[in-house]
Protein chains: 2
Amino acid sequence: MSEAKHKVVIIGAGFGGLAAARALAQAPVDVTVIDKRNFHLFQPLLYQVATAALSPADISAPIRSVLRHQRNTRVMLAKVNDIDRANRQVMTDAGPVPFDTLVVATGARHSYFGREEWADLAPGIKTVDDATRLRARLLMSLEQAEITADPVERQSLLTFAIVGGGPTGVELAGAIVELTRHAARRDFRRFQANEVRVLLVEAGKRLLATFPEQLGHAARRALEGMGVEVRAGQPVSEITMDRIRIGDETIPTRNVVWAAGVRASAAGRWLDAKVDRVGRVEVGPDFSLPDDPSIFVIGDTASAMQPNKMTLPGVAPAAKQAGQYVGALIAARASGRAAPKPFAYRNFGALATIGRDYAVADLGRMHLKGRLGWFFWSFVHVWFLVGYRSRGAVALSWAWSYLTWERGARLITGAEVALATRAGEDAAPEPAKPRLEPAMTSAS
Amino acid sequence: MSEAKHKVVIIGAGFGGLAAARALAQAPVDVTVIDKRNFHLFQPLLYQVATAALSPADISAPIRSVLRHQRNTRVMLAKVNDIDRANRQVMTDAGPVPFDTLVVATGARHSYFGREEWADLAPGIKTVDDATRLRARLLMSLEQAEITADPVERQSLLTFAIVGGGPTGVELAGAIVELTRHAARRDFRRFQANEVRVLLVEAGKRLLATFPEQLGHAARRALEGMGVEVRAGQPVSEITMDRIRIGDETIPTRNVVWAAGVRASAAGRWLDAKVDRVGRVEVGPDFSLPDDPSIFVIGDTASAMQPNKMTLPGVAPAAKQAGQYVGALIAARASGRAAPKPFAYRNFGALATIGRDYAVADLGRMHLKGRLGWFFWSFVHVWFLVGYRSRGAVALSWAWSYLTWERGARLITGAEVALATRAGEDAAPEPAKPRLEPAMTSAS
């Protein structure tokens with residue numbers, strides 16, 4: 001392979017970046033994929049890691065393994081700090097990496113709408129570490145509720161508020177109510193399942209705003225049937241260590257989870273490019289910068305206008321399709337072939353699952369809900385998992401959870417979950433006085 | 001259940017503590033199990049988490065799940081700070097817990113033989129967090145070796161030294177040489193498998209000192225066959241960030257792993273009891289303190305003399321048997337039945353596995369080695385895993401690894417593995433110049 005070969009650098013190995021790399025497998029170019037993590041993450045299932053149903057490895061695949069057979073592709077684990085457009089190189093903490101063509105696919109992070117002080121109080125889940133931290137926090141709240149002798153503190157520990165009624169918030173609320181109530185029934189002695197309170201807070205009028213109205217209502221009914229209190233139409237005005245304020249109401253809670261907003265990564269700043277109000281880089285119909293046809297931005301980092309005047313949605317299939325398109329375009333240029341026909345987003349629909357046997361699916365002409373939706377959803381998700389091992393492990397974990405109601409990954413790990421001593425200091429628990437409940441006869 | 005019932009407190013839910021709790025399931029006592037973690041860990045397989053073959057959840061079971069059906073037993077997640085023998089209560093960070101009978105089963109931690117400054121330089125694996133940290137460190141070294149342009153630094157990153165030639169050291173050395181050489185062959189471009197160097201350092205004359213000599217030699221030959229350099233008979237005299245000194249030789253390495261020594265937990269201090277030179281509490285033949293028949297110490301925390309004048313070995317089966325015995329003894333006392341007959345350790349043998357299809361097993365009269373040893377070892381380990389889910393998941397992961405040579409849990413996670421910038425600062429890597437190797441045709 002000669003030095004002179006055209007250099008394509010892809011930043012980010014999410015759905016978009018990985019699709020672009022794969023589309024370049026046969027192209028006469030040198031590809032370098034840079035990511036700050038060594039694994040690709042199937043982010044749509046991250047909430048299942050946070051709620052102890054799956055292990056991180058179940059929904060991850062090492063980037064090197066995924067791209068192992070692409071002989072023209074190099075994987076680089078490094079953190080990108082800037083892009084030097086003048087000298088055409090990506091600045092990383094492992095040195096500069098020159099490019100002829102650049103694909104930026106660095107995703108999004110949470111947005112707290114200017115209330116950045118909420119970030120620590122109401123964590124969201126974007127990374128594996130976010131998810132294991134949230135898992136530890138949820139499980140630790142139950143443990144502390146078992147220990148404390150103060151009923152007010154116990155209620156606050158047993159109240160879980162999820163902010164944001166989109167798919168992530170809906171899925172988290174369903175999974176959290178299942179995890180906590182089920183654990184309360186089976187594994188704890190000093191509180192009952194009906195003492196656990198799960199709130200889903202949405203500032204807008206209804207849940208799943210991007211879905212047809214009928215499915216949003218169905219999701220709400222399903223969640224309420226599971227015991228979730230849905231608060232729609234009122235924004236959150238305050239979050240502190242021990243309470244949340246929704247409209248005029250203050251609710252004591254130690255557990256607030258953020259699923260309300262995202263903003264694009266820092267790529268707009270790196271590129272010194274025009275961005276929209278959530279930081280997405282404005283790109284042309286082929287995802288290139290208006291002033292540079294060899295720099296592409298895709299996925300959650302891009303604001304791409306479609307022919308219907310809507311921006312491309314920030315979902316995995318859209319990122320994947322954009323990556324495939326850009327990869328094909330670069331491959332065509334490199335081999336002197338005709339460019340592929342203009343990008344057109346194929347919307348296969350949207351899905352949101354609610355607990356262990358309910359989901360809503362918007363397939364355009366067809367709407368699914370209930371158990372059929374759940375089976376459809378499971379099939380689609382497992383199918384799209386990258387790598388066969390993940391597929392098998394996830395299917396097995398799910399089948400196991402479904403049959404036994406058992407949670408497989410209920411571990412509190414990590415230095416950050418040093419036992420909170422606050423609960424213990426002011427409470428002298430009556431020790432060893434278990435309130436016994438009849439042994440469960442079902443599954444185990 | 002009356003307040004007046006006899007209170008048994010068990011500190012630690014390892015093999016010993018859990019066995020004691022289970023033996024008390026039908027006894028007319030109130031049992032409280034205190035642990036600082038919410039899960040029981042199958043520690044003998046922890047090295048497989050550290051080498052990316054298994055996920056933490058595969059070898060863990062929530063303590064509450066394990067003890068769910070014991071109606072007389074309460075689980076408490078809390079950190080023990082002291083034991084107040086005068087007032088007969090355990091001091092935890094969630095308040096004091098009174099006891100009538102106490103079982104201390106708090107295990108062991110690493111010992112650096114007075115060189116505590118080595119703890120950060122040469123981490124060992126006792127906890128899940130230790131194992132995931134070591135996993136991140138091993139994988140990160142490979143990633144950095146791929147990035148650096150300095151051949152001396154690369155060799156140092158590709159050199160792995162394991163200190164301690166007991167079963168843990170032997171198992172780690174085999175797993176590390178497999179993981180790193182295999183990854184080098186398949187997933188990295190800038191170094192070859194034969195550039196990876198794995199050393200196993202043992203101060204004593206031979207490996208597996210507690211096994212019959214013949215099996216120690218067999219283990220050494222097997223490791224050497226896999227490419228491990230075994231250095232026996234010379235102690236480690238120095239460990240720094242970038243080198244290890246063995247006898248007169250200094251070897252540059254960024255990866256030193258500790259498997260050389262353990263010392264008992266702080267229980268001796270809590271109890272103000274007589275301890276041996278590795279901190280184990282000296283107990284009578286029934287595991288009680290010489291001056292208090294209602295306080296028991298078992299497992300790695302205890303120094304228990306056997307009739308043959310040997311102390312009980314610090315292995316999982318011994319801890320489990322001691323827990324069962326002590327639980328039965330307490331149950332007998334509580335119900336006014338005759339005490340069980342004196343404790344006698346049943347030694348089922350010892351096992352050490354070396355890589356993916358070799359193991360040595362000492363079954364007393366019978367010695368196994370090779371693939372038969374491996375199958376036997378796998379069967380025994382999977383069988384003794386606590387909880388059916390673990391059993392199934394581990395069997396699946398192993399079968400998968402065995403058939404495909406794929407590593408399932410190759411994730412670098414955790415805040416502590418912030419990208420080491422040192423490699424990048426002084427090295428300006430030649431970017432995007434992959435040294436290509438023929439695509440592997442085998443399994444994937």
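Bear in mind that the values in this text are calculations on the coordinates, not laboratory data. Because the structure is a prediction, the values reported are computed rather than measured. Note: ideal-geometry Cβ built from the backbone for every residue, glycine included; neighbour counts use all protein chains shown.
Counts of other chain beta carbons within 10 angstrom of each beta carbon in peptide B:32-40 average 3. Chain A comes nearest to the axis taking it onto chain B at the Cβ of one residue; that residue and its distance, in whole Å, are A:Ser55, 2. In this assembly of identical copies, the label point of A:Met305 (Cα plus 7 Å along Cα-to-Cβ) is separated from its counterparts by 8.9 nm, sorted shortest first. For the protein assembly as shown, a simple Cβ point-charge model (Lys and Arg +1, Asp and Glu -1, everything else neutral) yields a dipole of about 2360 debye relative to the Cα centre. With a threshold of 26 Å on the Cα-Cα distance, the over-threshold entries among A:Lys79/A:Lys274; A:Lys341/A:Lys369; B:Lys205/B:Lys274 are A:Lys341/A:Lys369; B:Lys205/B:Lys274. What longest range of chain B stays clear of loop-exposed GluC sites (Glu not before Pro) (DSSP non-H/G/I/E/B, at most 14 other C-beta within 10 angstrom)? Answer - B:118-444. Once you sort the root eigenvalues of the Cα gyration tensor of the protein assembly as shown as a ≥ b ≥ c, which label holds: rounded (a/c under 1.5), prolate (a/b larger than b/c) or oblate (the other case)? Taking the square roots of the gyration eigenvalues as a ≥ b ≥ c, the protein assembly as shown is oblate. Taking the Cα atoms only, what angle lies between the long axis of helix B:167-187 and the longest principal axis of chain B, rounded to 10 degrees? Relative to chain B, helix B:167-187 is tipped by roughly 40 degrees.
For region A:172-205, trypsin sites (Lys or Arg not before Pro) are listed when DSSP marks them as loop and at most 12 other Cβ atoms sit within 10 Å of their Cβ; the list is A:Lys205.
Across the identical copies, the 7 Å label point of B:Pro98, projected outward along Cα→Cβ, sits 7.9 nm from its counterparts, in ascending order.
Let me know the shape class of region A:1-127, please: from the alpha-carbon gyration tensor, a ≥ b ≥ c as square roots of the eigenvalues, rounded when a/c is under 1.5, otherwise prolate if a/b is greater than b/c, or oblate. Here region A:1-127 falls in the oblate category. Between the alpha-carbon centres of region A:35-102 and region B:146-180 there is a gap of 24 Å.
Between the residues A:Leu134, A:Val104, A:Trp118, the greatest Cα displacement towards the positive end of the dipole of region A:96-153, with unit charges on the Cβ of Lys, Arg, Asp and Glu, is found for A:Val104. Charge tally for B:Ala86 (other residues, Cβ to Cβ under 15 Å; Lys, Arg +1; Asp, Glu -1): -4. Axis of helix A:388-404 versus longest Cα principal axis of chain A: the two differ by about 20°, to the nearest ten degrees. Against the main long axis of the alpha-carbon atoms of chain B, helix B:371-384 sits at an angle near 40°.
When the Gaussian network model of chain B links Cα atoms closer than 10 Å, the mean-square fluctuations of B:Ala53, B:Ala119, B:Ala319 top out at B:Ala119.
Across region B:350-358, computed HN-Hα scalar couplings (Karplus, 6.51 cos²θ - 1.76 cosθ + 1.60, θ = phi - 60°) run 10, 9, 9, 9, 10, x, 8, 8, 9 Hz from first to last residue, x flagging Gly and Pro.
FRET efficiency for the A:Leu372 to A:Asp150 pair, using the beta carbon distance and R₀ = 41 Å, is estimated at 0.35. Counting, for every residue in B:72-81, the Cβ atoms of other protein chains within 10 Å of its Cβ and taking the mean gives 5. Across chain A, Cα pairs under 8 Å and at least six residues apart give a relative contact order of 20 percent. Label region B:104-227 by shape, choosing from rounded, prolate and oblate, from the square roots a ≥ b ≥ c of the eigenvalues of the Cα gyration tensor; if a/c is under 1.5 it is rounded, and otherwise prolate applies when a/b is larger than b/c, oblate when it is not. Oblate. Which distances, shortest first and in nm, link B:Lys79 to the matching position in the other copies, using label points set 7 Å out along Cα to C-beta? Taking the point 7 Å beyond Cα along Cα→Cβ, the inter-copy spacings are 2.7 nm.
Using only side-chain charges placed at the Cβ, +1 for Lys and Arg and -1 for Asp and Glu, the dipole size of region B:67-119 relative to its Cα centre rounds to 340 debye.
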